[in-house]
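Below: the structure, in structure tokens.
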Amino acid sequence: MAKTKALVTAVLALLLVQIGAGQARQADSATAYSAPQLKIGSGDLLEVTMYDNPNLSGHFRVDSNGDIVVPLLGHVHVAGGTAEEAATLIANRYVDADILKPIDSYATVDIAEYATQGITVNGEVRTPGVYPALGVRMLNDVMAAAGGVTQAASSKVIITHRNDPDHPITVTYNPEALTPEIPHVQIFPGDTIMVPKAGIIYVLGDVAHSGGYVLEGRSTLTVEEAMALAGGGEHAAAMNRVQLVRTLKDGSRVAITIPVDRIFKGQAADVALSDGDILYVPTSYEKLVSEQALTTSLALGSSILLYKVALH
């Protein structure tokens, strides 16, 4: 019996909340990112503009050989180069062919459609996948194309630019907030958007609002805060023997009795919760629920409501 009490005491010590502990946040460097110099590929649609020569201008699709067919020149190989390099090449070709004089041969090339470099969206969105990049797009447009975020999505979105894969950036994206947070971030062809899953705390049993609470903007929540979010215990709730069930790193579970009534009175230390923790509030004079019953309850995903908690 003494060993059991010692074990419970040790586990509780690990769960004691560290009030005031700050969490480092990654700086939002989205606005400092410049447009990448993307390479032209087969299937891309180029818009070629020849200065003061509209008859030589137009939209040209890159064929399977990497060529475009331009007026009076015929095939020009542009695949593998940038838009700027293609413009210089076309201008020089007109001069070399004695069609234009150097002073009159000035070209600009824009990539109107990217056929080979889509935008990848994965994680907690309704329709993950690769989406075509018809030029540079805004973050919100791409997210809308992916069906928007799920209820379990974090409010932090990770963007990895194709030309800078070692330095992903994190931005706040929360269109469902009372004051929507939608950053004006450009997404380029070849970029990847990852929407992580937010932490979820489950409060079940004899409470006013049983369900899962999605934690946005913070990684921890205390027992007292979780009970407040759940509307507190009902009249018959046994607040002196609330069960905290936590899954450990090795996959095993530990159940600890938490005296929530004493926490409310300031007579016991509050306890920090982690992602996936379950608080079960039993009804007085009834036998405590077994671990198997808890697992069964959580398996009924459709019957567990998810609440987003915008905490910062």
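Figure legend. Inter-residue proximity from the stretch 142-160: first residues farther than 12 Å from ILE187 by Cβ, second residues of a type in the set (Asp, Glu) and modelled with pLDDT of 90 or more, beta-carbon distance below 8 Å, spacing 6+ or different chains. Indicated pairs: VAL149/GLU124; THR150/GLU124; ALA152/GLU124; ALA153/GLU124; SER154/GLU124.
Take the residues of the stretch 111-153 that are hydroxyl-bearing (Ser, Thr, Tyr) and in a strand (DSSP E or B): which is farthest from ASN53 (Cα to Cα)? Steps first, please.
Of the residues in the stretch 111-153, the ones hydroxyl-bearing (Ser, Thr, Tyr) are 114, 116, 120, 127, 131, 150.
If we keep only those that are in a strand (DSSP E or B) too, we end up with 114, 116, 120, 131.
Numbers: TYR114: 25, THR116: 30, THR120: 38, TYR131: 35 Å.
By that ranking, first place goes to THR120.
Taking the options THR192, THR220, name whichever one is modelled with pLDDT of 85 or more and polar (S, T, N, Q). The match here is THR192. Within the stretch 237-259, the set of residues being under 16 Å from ILE201 (Cα atoms) and aliphatic (A, V, I, L, M) comprises VAL242, LEU244, VAL245, LEU248, VAL254, ALA255, ILE256, ILE258. Restricting attention to the stretch 133-155, the residues being farther than 30 Å from ILE200 by Cα and either at pLDDT 85 or above or loosely packed, with under 15 Cβ neighbours inside 10 Å (or both) number 3.
The number of residues in the stretch 69-93 being touching a helix residue (DSSP H, G or I) at 6+ places or on another chain (Cβ under 8 Å) and under 18 Å from ASP110 (Cβ atoms) comes to 5.
Table: residues versus (1) among the acidic types (Asp, Glu); (2) modelled with pLDDT under 95.
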| residue | (1), (2) |
| --- | --- |
| ASP44 | yes, yes |
| TYR51 | no, yes |
| VAL76 | no, no |
| GLY80 | no, yes |
| ALA86 | no, no |
| ILE103 | no, yes |
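Scanning the stretch 81-121 for residues that are farther than 19 Å from VAL136 by Cα, of a type outside the set (Asp, Glu) and surrounded by fewer than 18 Cβ atoms within 10 Å (Cβ to Cβ) yields THR88, LEU89, ASN92, VAL95, ALA97, ILE99, LYS101, PRO102, ILE103, TYR106.
The values are calculated or read from the model by the stated rules, or taken from the named source; none is laboratory data. What you are looking at is a predicted structure, and each value in this text was computed from that prediction instead of being measured. Backbone-built Cβ (ideal geometry, glycine too); neighbour counts: all protein chains shown.
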